[in-house]
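Visitor: Here it is: the structure, laid out below.
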Amino acid sequence: MRNRENNIFITGVGVVSIFGNSLNEFWTGLMRQDNIPIHVEYLKKSGGENTLGLPADMPVEDNQPADRILEMGEKAIYSAIKDWGGNLSDYKRICLVVGSGLGFSDCFLFRDDLQNNKELLSTLGERLAGFVDKECRNVYIANACCAGAQAISYGMDLLELNRYDLVIAGGIDILSNIAYSGFLRLNSIDFMGCRPFDRDRKGIATGEGAAFFVLEKQREAYSKKPKVYCELVGSGITNDAYHVVQMKNDGRQILRAMEEALEASGMTRGDIDLVVTHGTGTIQNDIIEANTIETFFKEDLINIHVTAPKGAIGHTGGASGAFGLLTAVGSICHECVPPICNFKEADNGFNIPLVGRNRVQAKVSGAMVNTFAFGGTNVIIVCKNHIGSDYVG
Amino acid sequence: MLDRVYIISTKYINEEMLKKTSLKHRDSRVMDVLSKKALLLAREIFSEEVSKKIKSERQGIVIASDTGPCTSLWEHTNILQTVGFKGINPSKFPNTMLSTVLSRVSTEFNLKGPSTAMYVNSNRSEALEYAVVQILMGRSDLMAVMFIGEGENGFGILIMSQKFLLETQAKVRFYINCSNQHVYIFEERKKIYETSINFA
């Protein structure tokens, strides 16, 4: 793995979430607990009687899926650029890296002519890039649940290799009848809400949202805009090469991704204070992730806090890695680790320091964000507190 | 910094080849047309001897599609509208995601390096660039880039790092120069192709 020569900073954040459309609103919501899914009329098209989900803070019933995802993306991207506060015309090479697992897929429920318009799915990236700048290039990663994290990781790489001057990267997905019906059929939905790492967990709760980050290299970040949320220092990407939907029990490739990310960051296990888990709330995945964290950190576990945002926001599909990073950013900026919503009692087999129902006031210097996907891809991102940040929460 | 990657091979499949070849796979009953096409193309690409000399952890793949799994989405939504979720075959539900195509290929060829599935449209260079970046970042020595869609031909490129080329002394005809924020493809010393990457 190549050692990073450049520091990559997050200098702008844009979010559309269940709790509101700013980092502070998102953070305040994360601190509340017991977020139970509500009835969502839109999900009736899945053909099920239980239509529960965790919708984002925007009208859910009125618009078509294409309009909804574009509106959500527009809001998140605009707010990221506004929060960043710079002038896009000062930058020649701008790239939007979008991660979305399902993107426009739900359009197939509403339009009969899509068999003759097979390119629709691939247009999400360029349509979102249009909200940034007409010259903005786009990359659209569609690697299921890790799409957002992979988009951010790739954005880091593009800046590191000096291929762009400014990268906006993140994840987006809307409540999807296609995903919801599939998970219903797989018996993977917990109607009591997602309960990551809880003894009585039964599965996921479907959520939605968008989180985008403005990424810059050190030079640009200092000269153009001094606000820095945190520094992205490493990422690791591996594949289980095992199964279409199942994670491999031994977690070896997850461990390798963690090692790769940490090696790239130049940090040690002892430098990590926080692990933001993928924590879907499914029985098997949480066991594998908990065991992997335990194996990786060993004696350094004592200094670490482990949290899981999906208890509060549900599984946001391709955006989940971006929301994981957003949780880490909030923890760094607010010097606090959010509780795990809906959590009551840890599963007996877990020997990791879960924060449980109580937030933990702690200075977070280094954070690891885990994301895993259908298809076997594991993406780990490591970020750290940027000393000298003038962020005011 | 290593700034070159090398093209080991390019492979191509068309509809006629697909019709003639029956895919032997334990899951072929539940696979959609995109996965089958990808597997057939991957079998062509990874028939190269050099790919067997590289550790599985150092091999990665990029699946790039302009259509995605349209037919599977169409079938899934038709079932939802006529029968409801109970009519969904849980083994076929993953076919609605592009990552399933990726998983089929990575599992069969044990590719444990960086992998992704992405949508591309008129400019397909993003997928090639993703693979090149993974090699330049040192995550991988061998990357397969596969362009597949429904109702069209499939095309795949196998690229390799400079480091591994030196180790294996493999013979290559084309290389990609990635310096100066551009991607050029060379045949020996003659530039034959130039992408529009980063010309914003």
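Visitor: Any chance you could count how many residues in segment B:147-161 are within 13 Å of another protein chain (Cβ to nearest Cβ) and over 24 Å from B:LEU18 (Cβ atoms)?
Guide: Count: 1.
Visitor: Considering only residues that are part of a strand (DSSP E or B) and within 14 Å of chain B (Cβ to nearest Cβ), look in segment A:6-52 and name the one that is farthest from B:LYS86 (Cα to Cα).
Guide: A:ILE8
Visitor: Quick one: in segment A:358-386, of everything that is charged (D, E, K, R) and touching an Asp or Glu at 6+ places or on another chain (Cβ under 9 Å), which residue is surrounded by the most Cβ atoms within 10 Å (Cβ to Cβ)?
Guide: A:LYS384
Visitor: Further question on the same structure: May I ask you to list the residues in segment B:58-77 that are facing chain A (nearest Cβ under 7 Å), more than 16 Å from the chain's Cα centre (by Cα) and buried (at least 20 other Cβ atoms within 10 Å of the Cβ)?
Guide: B:CYS70, B:LEU73, B:HIS76, B:THR77
Visitor: Output the helices (runs of 4 or more DSSP H) that fall wholly within segment B:25-135 and possess 3 or more residues being among the polar types (S, T, N, Q), or say none.
Guide: Answer list for segment B:25-135: B:70-82, B:98-108.
Visitor: Among the residues of segment B:107-138, write down those that are within 7 Å of chain A (Cβ to nearest Cβ) and polar (S, T, N, Q).
Guide: Result: B:THR107, B:ASN110, B:SER115, B:THR116, B:ASN121.
Visitor: Further question on the same structure: Considering only residues that are more than 7 Å from every other protein chain (Cβ to nearest Cβ) and of a type in the set (S, T, N, Q), look in segment B:83-105 and name the one that is farthest from the chain's Cα centre (by Cα).
Guide: Step by step, filter segment B:83-105, then rank; the result is B:ASN89.
Visitor: Which of the residues belonging to segment B:5-29 are in contact (Cβ under 8 Å) with a residue 24 or more places away in the chain and either under 17 Å from the mean Cα position of the chain (by Cα) or crowded, with 17+ Cβ neighbours inside 10 Å (or both)?
Guide: B:VAL5, B:TYR6, B:ILE7, B:ILE8, B:SER9, B:THR10, B:LYS11, B:TYR12, B:ILE13, B:ASN14
Visitor: Here is a follow-up. The conditions are (1) without any contact (Cβ under 8 Å) to a residue 24 or more places away in the chain; (2) surrounded by fewer than 24 Cβ atoms within 10 Å (Cβ to Cβ); (3) of a type outside the set (Gly, Ala, Ser), and A:LEU121 fails exactly one of them. Which is it?
Guide: (2)
Visitor: Quick one: B:ILE54 ticks every box in (1) in contact with a Leu (Cβ under 7 Å, 6 or more places away or on another chain); (2) surrounded by fewer than 24 Cβ atoms within 10 Å (Cβ to Cβ); (3) at pLDDT 95 or above bar one, so which box is it?
Guide: (3)
Visitor: Can you name the number of the only condition in (1) crowded, with 19+ Cβ neighbours inside 10 Å; (2) more than 7 Å from every other protein chain (Cβ to nearest Cβ) that A:ILE141 fails?
Guide: (2)
Visitor: Check segment A:294-313 and report whether any residue there is at positive phi and in contact with a Gly (Cβ under 9 Å, 6 or more places away or on another chain).
Guide: no
Visitor: Name every residue in segment A:262-297 that is of a type in the set (D, E, K, R), in a helix (DSSP H, G or I) and either farther than 13 Å from A:PHE350 by Cβ or touching a strand residue (DSSP E or B) at 6+ places or on another chain (Cβ under 6 Å) (or both), in order of residue number.
Guide: Passing the criteria: A:GLU263, A:ARG269, A:ASP271.
Visitor: Hey, could you check segment A:154-176 for residues that are touching a residue at least 60 places away in the same chain (Cβ under 8 Å) and under 25 Å from B:PRO69 (Cα atoms) and say which is nearest to the other protein chains (Cβ to nearest Cβ)?
Guide: Ranking the candidates gives A:SER176 first.
Visitor: Exactly one of (1) in contact with a Ser or Thr (Cβ under 8 Å, 6 or more places away or on another chain); (2) surrounded by 24 or more Cβ atoms within 10 Å (Cβ to Cβ); (3) part of a loop (DSSP other than H, G, I, E, B) is unmet by A:GLY148. Its number?
Guide: Every listed condition holds for A:GLY148 apart from (3).
Visitor: Please find, among A:ARG127, A:ARG111, A:ARG93, the residue that is basic (Lys, Arg), at the interface with another protein chain (Cβ under 7 Å from one of its Cβ atoms) and farther than 22 Å from A:PHE374 by Cβ.
Guide: Just a single option satisfies the conditions, and that option is A:ARG93.
The values are calculated or read from the model by the stated rules, or taken from the named source; none is laboratory data. Please read these numbers as outputs of a predicted model, since none were measured by experiment. Reconstructed Cβ throughout: ideal geometry from the backbone, glycine too, with neighbour counts over all protein chains shown.
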